[in-house]
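Quick notes on the structure that follows.
Each value in this text was obtained by applying a stated rule to the coordinates, not by laboratory testing. The structure presented is a predicted model; accordingly, all values stated were derived computationally and were not measured. So basically every Cβ, Gly included, is an ideal-geometry build from the backbone, and we count neighbours across all protein chains shown.
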Amino acid sequence: MPQQRRCLVIGISGQVGQALQARLPSLGHVWGLSRQHLDEANGIVWLTGWLQAMPPLPDGIDTILSLGPLDAFADWFDRSGLRGVRVVALGSTGREDKRDSVDPEERGVARRLTEAEARLFGAGQRQRSAITLLRPTLIYGRGRDASLSPMLAMARRWGRVVLPSGATGLRQPVHVDDVADAVLACLDCPASQGRSFDLPGGERLEFRAMVERSLARYAPQAKLLILPRWLFRAGMVAAAAIGFRPVGPGFVDRCRRDQIADPSPAHAVFGYQPRDFSP
């Protein structure tokens with residue numbers, strides 16, 4: 001019989017949290033952190049607050065699921081003084097994918113993720129807590145990602161999506177339910193403790209093919225326009241001049257680069273088996 005836990009879930013209103021909500025009560029006693037006051041539902045008791053203004057926690061918390069920004073969680077956990085806690089936290093493969101980006105903001109994201117991982121594992125050692133870190137690739141499936149969903153919204157509104165030529169970099173989008181499954185699978189897997197795992201999707205496809213498949217599913221009337229890279233960049237500069245910035249300056253370069261992760265360690269340790277990309 002699975003261990004009955006006293007579990008705090010941070011980031012429960014996000015896309016992975018939403019995918020988990022119906023399954024969380026099976027863990028035991030579950031508290032979800034929310035900025036807004038919510039009534040108890042699905043066996044989850046809501047605590048009003050956020051990481052920088054954490055409310056008093058119930059006694060005996062022995063498990064924490066961190067499904068939101070890793071840097072804020074690592075800072076809080078390091079200060080929390082909690083000891084002997086089982087932690088499963090989400091990071092991102094952006095730690096590696098954005099490390100050498102031409103965009104300084106993206107390099108900053110990679111640096112913060114790297115520092116947050118080190119801080120979290122360091123706190124785990126000092127506080128005798130078992131940490132597992134999961135790094136998903138591009139998450140899809142709830143319409144709340146920051147990559148495909150805005151592009152599809154633009155396609156439905158304007159009837160077209162514009163990409164630069166050479167958008168052939170390989171991607172492995174991962175379904176939100178596969179990430180949620182991985183979070184739960186790690187909890188009762190001692191071999192996952194003290195380790196980090198990449199969570200890519202089950203299929204590799206080019207950036208352009210990923211967009212085309214998404215358009216066919218959600219905006220079949222929209223047209224995909226491919227522009228020379230110089231013209232696409234010029235359009236980005238013109239859009240920024242009028243206060244419209246649909247993508248960052250690193251987008252053109254990122255479309256051309258492979259962003260690939262290895263699922264085999266996660267499969268070997270806790271049976272991770274992600275599905276192919278099906279938007």
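Counting only residues that are over 30 Å from GLN125 (Cα atoms), aliphatic (A, V, I, L, M), out of contact with any helix residue (DSSP H, G or I) (no Cβ under 7 Å at 6 or more places or on another chain) and surrounded by 15 or more Cβ atoms within 10 Å (Cβ to Cβ), segment 175-225 holds 3 of them.
Evaluated against (1) free of Cβ contacts under 8 Å to residues at least 60 places away in the same chain; (2) within 25 Å of PRO200 (Cα to Cα); (3) not small (Gly, Ala, Ser), ARG83 falls short on exactly one condition, (2). The set of residues in segment 101-155 being of a type in the set (Gly, Ala, Ser) and either within 30 Å of ALA191 (Cβ to Cβ) or touching a Phe, Trp or Tyr at 6+ places or on another chain (Cβ under 7 Å) (or both) consists of ALA110, ALA116, ALA118, GLY122, ALA123, GLY124, SER129, ALA130, GLY141. Against the definition (in contact (Cβ under 8 Å) with a residue 12 or more places away in the chain and among the small types (Gly, Ala, Ser)), how does ALA222 come out, yes or no? Yes, satisfied. Just one residue in the set LEU215, LEU225 is part of a helix (DSSP H, G or I) and touching a Lys or Arg at 6+ places or on another chain (Cβ under 9 Å); that residue is LEU215. Every test in (1) in a loop (DSSP other than H, G, I, E, B); (2) under 24 Å from ASP181 (Cα atoms) is passed by ARG83 save one, and that test is (2).
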